[in-house]
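Reviewing the structure listed below.
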Amino acid sequence: MTRVSELMTRGVRTLSPSDSVALAAQAMDELDIGSVPVCDGQRLMGMVTDRDIVLRVVAQKLSLETAVSDVMSKDVKWCTDSDNVETVMDEMAGYQIRRMPVVDGDRRLVGMLSLGDAAAKGDAGKAGDTLNIISQPAEPDRSKQSAASGPAGGGAS
């Protein structure tokens with residue numbers, strides 16, 4: 001049985017709750033990532049994603065100085081470093097997420113487990129199966145369309 005601690009990435013870049021979304025976007029750009037854990041000290045509080053910034057800041061015309069705590073996803077799914085990788089990957093498939101924060105017993109962030117970690121260092125087949133489940137197309141919620149939605153394109157008129 002492979003443990004999360006054997007595959008996870010350590011030394012993860014984090015943000016504090018008071019950091020600005022501009023700083024979050026800059027960190028994502030510099031590191032070529034789409035999400036950053038938000039920690040109060042070492043304790044995991046949430047995750048801020050590029051999607052959080054687009055939907056909760058840009059689309060709402062908020063300031064780029066808005067604190068990440070105001071826009072981060074707070075209901076974060078996480079695992080521990082002693083968890084079984086296969087079980088965690090099943091959870092990732094169920095939640096449709098590609099990376100999961102890894103915490104210790106005091107909920108202090110100790111790393112991240114990504115499908116890439118699992119594919120490169122573990123069971124590539126299981127990682128592929130998980131990615132296939134996560135990548136299933138979703139039905140968009142069109143009940144709250146704004147004027148920005150516009151008509152669907154891409155076809156002949």
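The values are calculated or read from the model by the stated rules, or taken from the named source; none is laboratory data. Please read these numbers as outputs of a predicted model, since none were measured by experiment. Neighbour counts are summed over all protein chains in view; Cβ atoms, including those assigned to glycine, are modelled from backbone coordinates with ideal geometry. Surface accessibility is based on the protein's heavy atoms, side chains included, excluding ligands, DNA and RNA. Shrake-Rupley method; radii C 1.70, N 1.55, O 1.52, S 1.80 Å.
Structure notes:
- Taken over the stretch 59-93, the criterion of being in contact with a Pro (Cβ under 6 Å, 6 or more places away or on another chain) and of a type in the set (Ser, Thr, Tyr) is satisfied by 69 alone.
Okay, residues lined up against (1) within 14 Å of the chain's Cα centre (by Cα); (2) over 19 Å from residue 12 (Cβ atoms); (3) acidic (Asp, Glu); (4) open to solvent by less than 70 Å² (accessible area, probe 1.4 Å):
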{"site": "62", "(1), (2), (3), (4)": "no, yes, no, no"}
{"site": "66", "(1), (2), (3), (4)": "no, yes, no, yes"}
{"site": "72", "(1), (2), (3), (4)": "yes, no, no, yes"}
{"site": "80", "(1), (2), (3), (4)": "no, no, no, yes"}
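- Scan the stretch 41-53 for residues that are free of Cβ contacts under 8 Å to residues at least 40 places away in the same chain and either open to solvent by 80 Å² or more (accessible area, probe 1.4 Å) or of a type in the set (D, E, K, R) (or both) and the total you get is 3.
- For the stretch 82-96, the candidate set comprises residues that are open to solvent by 90 Å² or more (accessible area, probe 1.4 Å) and either part of a loop (DSSP other than H, G, I, E, B) or over 15 Å from residue 3 (Cα atoms) (or both); within that set, the residue that is modelled with the lowest pLDDT is 96.
- Residue in the stretch 2-15 that is more than 26 Å from residue 120 (Cβ to Cβ), in contact (Cβ under 8 Å) with a residue 40 or more places away in the chain and either more than 18 Å from the chain's Cα centre (by Cα) or open to solvent by less than 20 Å² (accessible area, probe 1.4 Å) (or both) present: no
- Count of residues meeting criterion [part of a strand (DSSP E or B) and open to solvent by less than 40 Å² (accessible area, probe 1.4 Å)] in the stretch 97-122: 9
- Residues in the stretch 29-38 that are among the hydrophobic types (A, V, I, L, M, F, W, C) and either surrounded by fewer than 21 Cβ atoms within 10 Å (Cβ to Cβ) or in contact with a Cys (Cβ under 6 Å, 6 or more places away or on another chain) (or both): 2 in all.
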